[in-house]
Structure formats: structure tokens, C-alpha cells
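Okay, structure first, notes after.
The values are calculated or read from the model by the stated rules, or taken from the named source; none is laboratory data. Because the structure is predicted, anything quoted here is derived from the model rather than measured. When we count neighbours, we look across all protein chains shown, and the Cβ atoms used for this are built from the backbone with ideal geometry, even at glycine.
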Amino acid sequence: MPSNTSSRQARCYHIKKKKETALCCRFAYGEYTENEVKRIASAVSREASFPKGEIRPADAATILTGSEPGIFAQDMRWGFLLRDLKQLLINARAETALEKKAFSESTLYRRCVVPAEAFFEWSRDKQKVKFSLPGVPVLFMAGIYRLFEGEYRFTVLTTAANASVRPVHHRMPLLLKESQLKDWIYDFDMAKELLNQEGPGLERFQEYEQLTLF
């Protein structure tokens, strides 16, 4: 079972994020996430850890993958490792994921779903901003995964920001509806269409100011 204690060692990693794609450096995982995963998954790994708190790059999280004919919950670590094993790719652009060598095979054959109660981004004035779905306890981020040196790792797909995220960042995670999870995991033709899906309006929370934009 991946342990998040190793995330302290991950501080030596360089997070590979170009300015035009940098996004979503943390997401929140809690009891609501665990409950939703257990409700949706037809099977759960015995080693699923259901971590609590903020998930950072190189941390492990319990995510959703395919296990015919249902959905399987298992732990994976966040971030694709580059060849030097010192750089992490934590995001992939949905628009080019099928074209990029680092992501194309995983996008074709190894798609996953990353559940979270919220994700975080930092504003231009370096304030931490929390994004969540209004009235919904958990959001579902589209992801892909692959095996690195005997350990499964995932990355989160991003798309162009909508009006609710754009004041803070020009990118946002590619978000899925619960009804789309199996299509994303199992049906490539549907998944290809979902790569172009616009995100829903999100609630934005920054310090003591709460804003909702649609």
C-alpha cells in the first residue's frame, strides 16, 4: 500500500508544470470522498487507505479504475515520473493528451477517476482558493494512470477554465458527472468526447469570502 509518509521525501521532486498548464497542486480528500467511493465502487482493494486531508503531489489517494463490469477502488500515487525519476507530471492537458508521448497510451487504455471534495489553486496575489461543486459533496476529476517501477501513478487531466475558475486560473480539472464515470473508464469513443467537455460552475472560497459564479 502506498504510504503518504513518502510524500515528505517527494519534496526533492521538481513538479513539472509549464506556466500554461500549471494547476491543481492539491485536492481535498475526506469522509465524504470515502463514502462516495465505497458507494460507487463495486469492489475496493484491501489496501485502499482512504487518506484524509489535503492530497499533494507524490501523495497516495484512493481513486477509481476499471474492473469489468464495475468500478474498482484502489490506491495510486499522484504524478507521472519522468525518466530521471526526479520530476513529476501532475497534470495533462485534455486537448493534447492523445498526442503527447507521455500521456497518449494511458489516455487510450488506462483512464481513471480522481474523487475529491474540492481542489485548490493559488490566486495571482498568492492567496489559496478552494473550488467545489455547489450542493454536491464530491467532484470527480478525469485522470489517467500507468505503472512506474512497480507502482501505479496517476495524473489529472485539465481543460480550459470556465467563468467560475477563470478569475483565478485559465485552466481547471476536467470534471465528470457521476453518470459519466463508466463511460470515461470503459468507452474510448465516449471518453474522447468527454475530453472536450466544458466544466460545471463551481463555488469559490477564498479566506472569508465565498463566491459562486456560473
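Before moving on, here are some points about what is shown:
- Filtered residues of segment 151-182 (kept if farther than 22 Å from PRO137 by Cβ and among the charged types (D, E, K, R)): GLU151, ARG153, ARG166, ARG171
- Of all residues in segment 81-93, those that are part of a loop (DSSP other than H, G, I, E, B) and touching a Pro at 6+ places or on another chain (Cβ under 9 Å) total 1.
- Selection status of ALA97, in contact with a strand residue (DSSP E or B) (Cβ under 7 Å, 6 or more places away or on another chain), not in a strand (DSSP E or B) and not β-branched (Val, Ile, Thr): yes
- Across segment 160-169, not a single residue is classified as of a type in the set (A, V, I, L, M), in contact with a Pro (Cβ under 8 Å, 6 or more places away or on another chain), farther than 21 Å from GLY53 by Cβ and surrounded by 14 or more Cβ atoms within 10 Å (Cβ to Cβ).
- Close pairs (7 angstrom Cβ cut-off, 6 or more residues apart or separate chains): part of a helix (DSSP H, G or I) in segment 27-43, among the polar types (S, T, N, Q) and modelled with pLDDT of 95 or more anywhere: VAL37/THR62
- Of the residues making up segment 153-161, not a single one is in a strand (DSSP E or B), under 22 Å from VAL37 (Cα atoms), under 17 Å from the mean Cα position of the chain (by Cα) and small (Gly, Ala, Ser).
- Close contacts from segment 108-133, counting a first residue that is under 15 Å from ARG204 (Cα atoms) and a second that is polar (S, T, N, Q), with Cβ to Cβ under 6 Å and a gap of 6+ residues or different chains, come to GLU117/THR33; ALA118/SER132; GLN127/GLN206; VAL129/SER123; VAL129/GLN206.
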